[in-house]
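Notes follow once the structure below has been shown.
The values are calculated or read from the model by the stated rules, or taken from the named source; none is laboratory data. The model shown is predicted, which means the values in this text are computed figures rather than measured ones. FYI the Cβ positions are ideal-geometry reconstructions off the backbone, even for glycines, and counts take in every protein chain you see.
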Amino acid sequence: MAKELDYKVNLAIDPMALDMECMGQPGLMVDYAGHLAFARKQVDLAKEDVDVTKAELDKKIRTDPDSFGVAKITEEVVKNTILLQDKYREVYHHYLDVKEQTDLLELAVRALAARKDMLQEMVKLWLGQYFAGPKVPRDLGAAILNKLGSDRADENVRTAVRRRTQPKGDN
C-alpha cells in the first residue's frame, strides 16, 4: 500500500465544512479498511515465517543436538532451545512489529466508525441551528406593550376617522 495514512489528521472534523467531511468519510473508511486488510495479510505471513522457522529449528536440533549444546532431547528442551535462537527471535520480533501496526490500524478503523457517528450527531446539531450565531433573546414584555400601543393607536386613528366622516349633527 503506497498511500500513507495520518489517522490523527484524518479523524479531525471541521464543523464549518460538515458537507465536505460527510462526503469524504466513505473514502477514508475504504482507505483504512484496505490498509487494514493488507496489514492482516502481513501478520499472517509473519506468523507463517515464525512457524516455519520454529519447525526448521526443531528439525535441526533433533538432527544435530550437539551443535545446539543439547545433551538430552526432550520436548521441553527442544522448545526452549528454539526460543533462544537468534533466527527465531528475529522473525518473532518482526511478527510482533507487524501485529502492532495491524492493531493500530484496527484502532483507526474503529475511530473512523466513531467519526461517522460523530458526523451524524454534528449534522443534527447543525439542523437544530446549534452552530448559528448568537441570537438576542426577545423581550416579550416590550413586544406586548408595543402591540398594545399599536392597537391603541389603531383605535385612536379609527375613532378620529369616524369623527371626521360623521355628519356634524350626529354626536
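Quick rundown of the values:
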item	result
Selected residue (criterion: surrounded by the most Cβ atoms within 10 Å (Cβ to Cβ)) from residues of segment 1-20 that are of a type in the set (Asp, Glu) and either closer than 20 Å to Val98 by Cα or at pLDDT 95 or above (or both)	Asp6
Count of segment 113-168 residues which are among the small types (Gly, Ala, Ser), assigned to a helix (DSSP H, G or I) and at pLDDT 70 or above	6
Flag if Pro65 is surrounded by 12 or more Cβ atoms within 10 Å (Cβ to Cβ), without any contact (Cβ under 8 Å) to a residue 40 or more places away in the chain and either over 15 Å from the mean Cα position of the chain (by Cα) or in the same structural domain as Tyr88 (by TED's automatic domain parsing) (or both)	yes
Where Ala108 falls short, out of the listed (1) part of a helix (DSSP H, G or I); (2) at positive phi	(2)
Residue satisfying condition, being under 30 Å from Gln129 (Cα atoms) and among the polar types (S, T, N, Q), within set Gln25, Gln42	Gln25
Residues that are closer than 30 Å to Leu28 by Cα and charged (D, E, K, R), drawn from segment 60-114	Asp97, Lys99, Glu100, Asp103, Glu106, Arg110
Wholly enclosed helices (runs of 4 or more DSSP H) of segment 1-92 bearing at least 3 residues small (Gly, Ala, Ser) and closer than 30 Å to Lys116 by Cβ	18-63
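Rundown of residues vs (1) over 24 Å from Val123 (Cβ atoms); (2) at pLDDT 95 or above; (3) surrounded by 16 or more Cβ atoms within 10 Å (Cβ to Cβ), yes/no style:
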residue: Gln42; (1), (2), (3): yes, yes, yes
residue: Lys47; (1), (2), (3): yes, yes, no
residue: Leu57; (1), (2), (3): yes, yes, yes
residue: Gly69; (1), (2), (3): yes, no, no
